[in-house]
Each structure stands twice: as C-alpha cells, then as structure tokens.
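> Below you will find the structure I want to go over with you.
The values are calculated or read from the model by the stated rules, or taken from the named source; none is laboratory data. Remember, predicted model here, so these are calculated numbers, not experimental data. All Cβ positions, even for glycine, are placed from backbone atoms using ideal geometry, and neighbour counts span all protein chains on display.
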Amino acid sequence: MNVTPRRAVPKIVCLLAASLSAAVPVLAQPTSRALFSSDADTLGSRYRYPDTAAAELTGAVVTLLPGDSTGWHRHAVPTVGYVLAGQLTVEYATGQVRVFGSGDGILEAQDVAHNGHNHGSEPVRLVVFSAGAAGVHGSEPADPPRPDDFVALQSAVPGLEIELRYFGRENFLGRPVAGYEANVVYLTRVAATALGSVQEALGTEGLGLKVFDGYRPQRAVDDFTRWAAAPGDTATKAAYYPNVEKSLLVQTGYIAERSGHSRGSTIDLTLIELASGEEVDMGSPYDFFDPISWPSSPAIAEAARANRMKLRAVMLRHGFQPLDQEWWHFTLRDEPYPDTYFDFPVR
C-alpha cells in the first residue's frame, strides 16, 4: 500500500499554529506529519466513492495477535489505515505483497481481495477508517485467488474420468458441500503431471482412473466438521458409516479439522476398465468409514484385494504415498505446499 514520503505541514495547519501561538503564548505549537495524499490506492487504482446521499464514515481499531490473519476480504469504499504497533504483511489477489510497520499509513486497495498477516512475535494494532455510505460495508469477505500452479485435471490428464462426489448429493453429507461450485477437480501441476503418468501406465493394461476428489477447500473441511457436530443428521449412516456412531467420527479420525486435500496434492480415486468405463471391485465403496476400507483389510475378496494392491503399486511408482486407512487416498510425496491449506472455491 503506497505511503508517500514526509511532506511540508499543510498551510491550514501552519496558520492554525500561528494563531494559537499569538493568542496563547504559553501553549506549545501543534505539529503535523503528513501520512499520505493520493487519489489512488496502494495498487494504483483510482478511488471511487459510492453514488449516494447517505454518507457514512466508520472507524475501527484492529488487533492481530502473532500468527493471526485478517482473512481474505475486499473494501468496496475508500479505506485508509494507520499501523499503531507491529508489522503487517498484506498479500493481494494480484500476487503482490506489501509490508507495513509501526507509523506507516495504508491506502487500502479498493475492490481487490487481500489478506493481512501478523508474521511477527508481537501484536499488530492498526486503526482503519472507511469513507463510505450507509448500508455499504467498508469491508466484506472475499474469495482467495487460485494459485497459478493449480490446474484442472479434466484438461491436464487426457481420458481421466471425473465424478466429483462433493459437488452433488452422493456423499456422506447427502448434499453439495461448501466450496464445491463446479464439477471440476483441481490439483497442483506437479501432482497432475504425476497422475498423468499413472493414467498412461494403466492404459497399457486396459485400465484407467476415476477421480472422486482432489483439491478440497478449507471451507469444505469446515462443513464436514459442522456436519459431524450435528447429532440429529444421520440420513446417510447406513450407506457410509453403519458401524460407527456419528459422534465418534472425529474422535476416530474419519473426519478432521485439517485435510491434506486442502494442500492441493492429495487425490481420491479408483480404477476403471477402459472398455466399459465400469469401476473395478475394491471391496468397499468410496468414503466408507469402516476398517474394511483399510487397504490391508482381510475382510474382502481376494480379487478386490488384488485390485487395491494394483492401484497402490502404480501410485507408489509414480511418487504418491498411500494412506493406511483409505484405499482410495494418495498424496504426492514431494508436494509443493506441505504446510499450506488453501480455501479458494472450486469453480
């Protein structure tokens, strides 16, 4: 966010100081330090005021503890800030990053999604003012951007079958899941490339891949945990968790507050026969919360076990790590974002 260098004290302030000094000599003269003067925000876009007669000026003091973030948001009206203490790092949907320290003025970006972070060890405190209109919020939540190295599998891997379960109702929630707004599967580019090699290798045996899920927004994971905390909603119990009480799904690890899927290099899939497009027998359905879904489960037919081992072997050969509790779940071993959980929507 652009901060102009120190300027001369405005004329109106100088005149006020002179008159005060003449009238009351014992008073110290006021001083002024200009923070900014601009018709454009930190990214260079011209400020635009709402077309309304009901003007409204709002202000707030914001505190971010170490490790906190403001969350992705945008300002619909001209907004300025001043850092009282600490250091604020702001990332923008445009890919730019700005750092503001104590004493810096901030010309907030207008209509561009951004997220402020406190990466330091001390609290960040800033005061923010919005020059807007009644009924027009100075700040509103915004979707974070999709990184450039996330690609849609439909175009990245030829011949891949897609059945995005969380986009529809055929899943353990029994409804579309938050964050899934289109029938498209995203994955990091390196993971998609590795998956393409898997698909090519299977093709020589008349087999292919069907994908149930890839990148999963954090808001979808949050939707899972909210569903798990609602004891009365058990409509899908018989199909997905007949032998586990819903109240124990989190405790037993079937549902968690964080998912490797949100890092962008984890995928849920199965094998299909290319000639018919039919799924091969894996011994249990996708997302079936039960020990029978463990790849090593002895409670399935030998043919199904062989299919699981075939999928596991080909994924391992091409850089994916399996999960001991789910035959369908694999994560790229050298994933590019091992500590980042994304929340851009699938659209």
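> So for the range 299-320 (the condition being at pLDDT 95 or above, under 31 Å from the mean Cα position of the chain (by Cα) and under 28 Å from Ala178 (Cα atoms)), does at least one residue qualify?
Yes, the conditions are met somewhere in the range 299-320.
> Quick one: is Asp223 over 19 Å from Trp327 (Cβ atoms) and touching a helix residue (DSSP H, G or I) at 6+ places or on another chain (Cβ under 8 Å)?
So Asp223 fails the test.
> Could you grab me the full set of residues in the range 253-283 that are part of a loop (DSSP other than H, G, I, E, B) and hydroxyl-bearing (Ser, Thr, Tyr)?
Within the range 253-283, Tyr254, Ser259, Ser265, Ser276 meet the criteria.
> Any chance the range 190-213 includes a residue that's more than 30 Å from Lys310 (Cβ to Cβ) and either surrounded by fewer than 18 Cβ atoms within 10 Å (Cβ to Cβ) or not aliphatic (A, V, I, L, M) (or both)?
The answer is no, given that none of the residues of the range 190-213 is more than 30 Å from Lys310 (Cβ to Cβ) and either surrounded by fewer than 18 Cβ atoms within 10 Å (Cβ to Cβ) or not aliphatic (A, V, I, L, M) (or both).
> Could you list, in sequence order, all residues of the range 30-64 that are surrounded by 10 or more Cβ atoms within 10 Å (Cβ to Cβ), in a loop (DSSP other than H, G, I, E, B) and of a type in the set (D, E, K, R)?
Once the filter is applied, which keeps residues that are surrounded by 10 or more Cβ atoms within 10 Å (Cβ to Cβ), in a loop (DSSP other than H, G, I, E, B) and of a type in the set (D, E, K, R), the range 30-64 yields Asp41, Arg48.
> Determine which member of the set Arg189, Arg216 is over 21 Å from Trp327 (Cα atoms), at pLDDT 95 or above and not aliphatic (A, V, I, L, M).
Only one candidate passes the filter, namely Arg189.
> Sticking with this structure for a sec: Taking the range 65-112 only, how many residues are in contact (Cβ under 8 Å) with a residue 40 or more places away in the chain and assigned to a strand (DSSP E or B)?
Of the residues in that region, 19 qualify.
> Quick one: how many residues across the range 147-164 are without any contact (Cβ under 8 Å) to a residue 24 or more places away in the chain and either among the charged types (D, E, K, R) or outside the structural domain of Leu269 (by TED's automatic domain parsing) (or both)?
1
> Turning to a different aspect of this structure: What is the number of the single condition among (1) more than 26 Å from Ala34 (Cα to Cα); (2) at pLDDT below 95 that Leu153 does not meet?
So Leu153 meets the others, but not (2).
> Let me ask something else about it. Please determine, by comparing only the residues of the range 230-250 that are among the aliphatic types (A, V, I, L, M) and in a helix (DSSP H, G or I), which one is surrounded by the fewest Cβ atoms within 10 Å (Cβ to Cβ).
Within the range 230-250, the match that is surrounded by the fewest Cβ atoms within 10 Å (Cβ to Cβ) is Ala238.
> Same structure, new question: Is there a residue in the range 291-304 that is buried (at least 17 other Cβ atoms within 10 Å of the Cβ), in contact (Cβ under 8 Å) with a residue 40 or more places away in the chain and not hydrophobic (A, V, I, L, M, F, W, C)?
Within the range 291-304 (the criterion being buried (at least 17 other Cβ atoms within 10 Å of the Cβ), in contact (Cβ under 8 Å) with a residue 40 or more places away in the chain and not hydrophobic (A, V, I, L, M, F, W, C)), the answer is no, since none of the residues qualifies.
> Tell me which residues, restricted to the range 254-269, are free of Cβ contacts under 8 Å to residues at least 60 places away in the same chain and closer than 13 Å to Phe330 by Cβ.
Within the range 254-269, His261 is the sole residue that qualifies.
> Follow-up question, since we're still on this one. Which of the numbered conditions does Thr331 fail, given that it passes all the others? Conditions: (1) in a loop (DSSP other than H, G, I, E, B); (2) polar (S, T, N, Q); (3) touching a Ser or Thr at 6+ places or on another chain (Cβ under 7 Å).
Exception for Thr331: condition (1).
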